[in-house]
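Derivation of every value follows stated rules applied to the coordinates shown; laboratory data play no part. Treat the numbers as computed from the prediction; the structure is a model and nothing was measured. Cβ atoms come from the backbone with ideal geometry, glycine included; neighbour counts cover every protein chain shown.
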Amino acid sequence: MRFFIGLLFMASAAIAQENISFKNDREGQSFFHHPNKISRALRDFKGEEIVDIYQSSLKGIEASKVCAYDINKSMSQALLRKSPRFDAYEGALLFLRQSNELDDVSLKILLDARAVATTPIEIKDPKQLRKPERTKLPEMLKVVANFKEKFLKNACYDDAYRNMVAEVRKVGEINDAELEGLFVEASKRKIITSDTYNMLERARIGEVSGNFLTLKSYLQKLKSLRLHKPLRDATERSDFVTEKVSKMKVSRRIKLFEQYSDLQIMMMADVVKRLRSRLEAKKVTITIFGEAEEIEVITLEPMERFRLAIKLLRKEMSLLSLNTYFNGRSPDYMDIITASYETSLIPAVELKELGGLQEIWNPTKSFWEKASVWVRTFSSVATIAIPPPYGFIPALVLVVIEATVGKGSDTQTDETVLF
Amino acid sequence: MKNLILLLVGLFSFQAFAVDVTMEALVRSENDQPRKENVVLTNLVSEDSFDGEHFKIVKGKSEQAVKFSAEKHLTFRAATAYYHLMKARAYFVEKVKSDYVANIPKMTIRIEHTNQFSELGHFAHDNLEPQFNNALTIPAGKGFESRGVKPWDMEIWFRPSKKVHISELRVNGTAQQEFKVLLGQFRDQTRMQSLNRFLSNVIVAYTKEQQPGAPGPFSQEALIRTVGSTLIIEAGYLLMDPLTNVLARKWYWLDTALIPEIIYHEYAHAALSDHLVLSHSTAIIEGMADFFAGQIANSPKLADKIKKYNTYNGKNAKRKQEYMLQFEMQDYANTDFVFGMLWEMKKIVGDEQGLDFMYELRKKLTTNSGIRNELVEGILTTCDEKCAMPFSDKIRILKALNLKGL
């Protein structure tokens, strides 16, 4: 009887262990495009072998304990066992992305983890090292000493490091240089082993404390989103969400998951849902009420309806920052669009056009428009500096600039439209 | 049996009258230049006159088709009108697949016709302000039997050309006004510039030691330079209008029966008349006709490069212009704003669906439709029905219209 109960318990536990998957179900062309690296990896292994090794590394892992560093370690070891000279691990990961076993978000997490784990450590001159405040140092060293036993025991390496640094910061303010000094000091005093020192130093160099998106948190966000906003078409793919974000080294979708929680993503998507219904509206009226009755109904023209929808969109985007879940942060328009696609509110084919609406309030300036600012400035000076009759040439240039670049319809000042 | 023989003879004789004749007409070359060319006039039912299955070309108020043996200038115009009208009709029937056009009864086409149109009497009195340099499509009329005015079907009237002095024309010179505004800005700029230079020279003269020999701000040389250049600019500004009058074209004329795009435009009015009634000229009705004229001519430019018969500037669908409220007024019905707008809409919707889209759009409009309201609404509603991706295409349309100042 006890045997059967035990068996039942084990079986239910096994069932309760979900199959972890980071398969791509939204992205089109990968943000990480390195065909050479993939070719190198495929020299030593067939594609199916890499996929098998990857899937094996996921087996038996609970969703709450999935760690990028552990997966990397497990995969890497399996690959090296089969091919001891294999040195294209990154290519193997990229191949998994190409086969849609991974998406760009999970790929980036794994690649970053790999980069951290393989960071070379420089041995610095002790005189160049800065240490934390003397009075706080012993307490901080105690925290560092417990890294393996307290923090790493039941958590992923990056989570453990982050938690440890947070504990250190509770003791006192510490910057990155002082953190370096702290780890060196801990190693010097043999409070931590050289192996632990290497782990901590690599995490510090890799700025792990600033990376809040782990495989675990990503999986949790994904599951929540898929539960509350199931995909309408799981085969749909979009290149729009894998385009690079300006001035950042990530794609739109990666940025979305790195910077927003699942709840924030759903709230952002709702803004687009309302925008869409307003854009599709066949009639919009403004009703003016008197004491007890309706005095007047004004029907908006089609373009007024359109501009009203844009104005309301911008208003709602700004108002998001007042929401407690956003904590004063106002997401930008592209994040909102990406969120709407992630939650299946907008199909992939509509993304580009919806994204292009931003041009209305934030138009891209052409080279000539940007240059005209400088030409205007120098021409103004030149009109005085250059004697007549040649001084009229810059004056003419100024007038031409105003006539051509200065033009543009401005419905804000057009009195014949409400919006 | 006798009836069968009679029927066969009748059919055979009808077939014998479907003749093709080669005549000289004005056509467009590959690079849109006008040239005289021998063309085949098809579907004629007469062997000696411009009387066809779908069009009869007459002179003025006559009901008799122009004979092939008539004077050259008349047959040239008749052949050109007939040739291009057949081309326009074929476009609507075969490409647009319009049943309405396929069933339009035979139209009388009047060339060299100067009478004004009368809704009751068909033709206004001969002496009542004869019309030139124009063309129009008139709706069918019931006539006035008691006064001997027979009913008539839809017709197209081409006026003769007549040289008109520029001073007699009422021109909506928006381009000229813009240039004058620019010149005014330049004048203001140079005045400010002269003042700034004078003031900076005064400040420099009183704060720094003058170089020996260097002219001061109040010296004769400086004053001559400043005043002289100002006077030149002023003279240019004030003389601009008289100079323009001297150098500009003084005479205008328009031989509508010889301009292919005008012929297409007028036929388009007829083709769209199931929904766009031919009551009066409005921006919508003219714009829609321009659009189809451009499609038939396969060119965004209408009545261009044809100086011998036309000194009117023509219309250009690709002209960059923004919406002005004045375009809603009848006085501005013949600007090319709507033409350009519809041309751009077709590009957005795509060539494949574009033609069908534009033809379907007419059902959403009336002759009195406005641009900003009914036309835009019509475009959006038509897109719901005809666009491949309605939501995305409507966004593109709305963005484009927003940029045009609508």
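Using the number of other C-beta atoms within 10 angstrom as an exposure proxy, rank A:R329, A:R376, A:R204, B:R110 with the fewest first.
Details: A:R329 12, A:R376 16, A:R204 21, B:R110 26.
Result, fewest neighbours first: A:R329, A:R376, A:R204, B:R110.
Evaluate the relative contact order of chain A (contact order divided by residue number), counting alpha-carbon pairs under 8 angstrom at least 6 apart; express in whole percent.
On the way: 438 pairs, mean separation 61.8, N = 419.
In percent, rounded to a whole number, it is 15.
Tell me the mean residue ellipticity at 222 nm calculated for chain B from its helices only (DSSP H runs of n ≥ 4, each -39500 (n - 2.57), averaged over every residue, nearest 500). Could the numbers behind the result be given before it?
Details: 11 runs with 177 residues, N = 406.
Computed ellipticity for chain B at 222 nm equals -14500 deg cm²/dmol.
Using Cα springs under 10 Å in a Gaussian network model of chain A, which residue among A:K244, A:K365, A:K273 shows the largest mean-square fluctuation?
Top of the fluctuation ranking is A:K365.
Quickly work out the B:V181-to-B:D20 label distance, labels modelled 7 Å from Cα along the C-beta direction, and quote it in nm with one decimal.
5.4 nm
Apply the Karplus parameterisation 6.51 cos²θ - 1.76 cosθ + 1.60, with θ equal to phi minus 60°, to every residue of region B:82-93 and state each ³J(HN,Hα) to the nearest whole Hz, in sequence, with x for glycine and proline.
So the Karplus estimates, Gly and Pro as x, are 4, 4, 6, 5, 5, 5, 5, 4, 4, 4, 5, 6 Hz.
Using just the helices of chain A, give the 222 nm mean residue ellipticity in deg cm²/dmol: DSSP H runs with n ≥ 4 each add -39,500 (n - 2.57), and the total is spread over all residues, rounded to 500.
Here the helix-only value at 222 nm equals -18000 deg cm²/dmol.
Determine which aspartates and glutamates satisfy two conditions relative to B:K394: a Cα distance under 12 Å, and not lying fewer than 8 residues away in the same chain.
A:E280, A:E350, A:E353, B:E377, B:D384, B:E385
Let me check against my output: what whole-number percent is the relative contact order of region B:70-131, with C-alpha pairs under 8 Å and at least 6 apart? Mind dumping the intermediate values first?
Details: 30 pairs, mean separation 12.4, N = 62.
The value is 20 percent.
Modelled label-to-label distance, B:L120 and B:K36, 7 Å Cα→beta-carbon offset: nm?
4.5 nm
Taking chain A as the reference, fit the longest principal axis to its C-alpha atoms, fit the long axis of helix A:367-385 to the helix C-alpha atoms, and give the angle between the two in degrees, 0 to 90, nearest 10.
60 degrees
Can you sort A:K127, B:K305 from fewest to most other Cβ atoms within 10 Å of each residue's own Cβ?
Ordered from fewest to most neighbouring Cβ atoms within 10 Å, A:K127, B:K305 come out as A:K127, B:K305.
To the nearest 10 degrees, how steeply does helix A:89-98 sit against the main Cα axis of chain A, on a 0 to 90 scale?
50 degrees
Using unit Cβ charges (K, R positive; D, E negative) and no other charged atoms, how large, in debye to the nearest 20, is the dipole of region A:152-283 about its Cα centre? Present the calculation step by step, with values, prior to reporting the outcome.
Working: 28 positive and 19 negative charges, 194 e Å.
Value, rounded to 20: 940 debye.
For a 24 Å ceiling on Cα separation, which of these pairs sit above it: B:K180/B:K346; A:K142/A:K216; B:K67/B:K95; B:K67/B:K301; A:K273/A:K352; B:K59/B:K318? Intermediate values should be presented prior to the final figure.
Values: B:K180/B:K346 35 Å; A:K142/A:K216 28 Å; B:K67/B:K95 32 Å; B:K67/B:K301 33 Å; A:K273/A:K352 16 Å; B:K59/B:K318 36 Å.
In this structure, B:K180/B:K346; A:K142/A:K216; B:K67/B:K95; B:K67/B:K301; B:K59/B:K318 exceed 24 Å between Cα atoms.
Listing B:M23, B:M192 from the residue with the fewest other Cβ atoms within 10 Å to the one with the most, what is the order? Can you show the working numbers first?
Numbers: B:M23 18, B:M192 14.
If I rank by nearby Cβ atoms, fewest first, I get B:M192, B:M23.
Could you tell me what a quarter of the Cα convex hull surface of chain A works out to, in nm² with one decimal place? Mind showing how you got there, number by number?
Numbers: hull surface 149.9 nm².
Taking the Cα atoms of chain A, their convex hull projects to 37.5 nm² on average.
May I ask you to list the aspartates and glutamates whose Cα is less than 16 Å away from that of A:K124, ignoring any residue fewer than eight positions away on the same chain?
Those aspartates and glutamates meeting the cut-off are A:D176, A:E178, A:E180, A:E185, A:E201.
Would you list, by chain and number, the aspartates and glutamates whose Cα falls below 14 Å from the Cα of A:K229, excluding same-chain residues fewer than 8 positions away?
Of all the aspartates and glutamates, those that pass the test against A:K229 - Cα under 14 Å, at least 8 places apart if same chain - are A:D25, A:D262, A:D270, A:E342.
Which value in nm describes the separation of the simple spin-label points at B:E145 and A:E316, placed 7 Å from the Cα toward the beta carbon?
That separation, rounded to one decimal, is 6.4 nm.
Please identify every one of the GluC sites (Glu not before Pro) in region A:255-338 that sits in a loop by DSSP and has no more than 16 other beta carbons within 10 Å of its own beta carbon.
Of the GluC sites (Glu not before Pro), the ones in loops of region A:255-338 whose Cβ has at most 16 other Cβ atoms within 10 Å are A:E280, A:E291, A:E293.
In degrees, nearest 10, range 0 to 90: what is the angle between the Cα axis of helix B:351-361 and the longest Cα principal axis of chain B?
Tilt relative to chain B: about 80 degrees.
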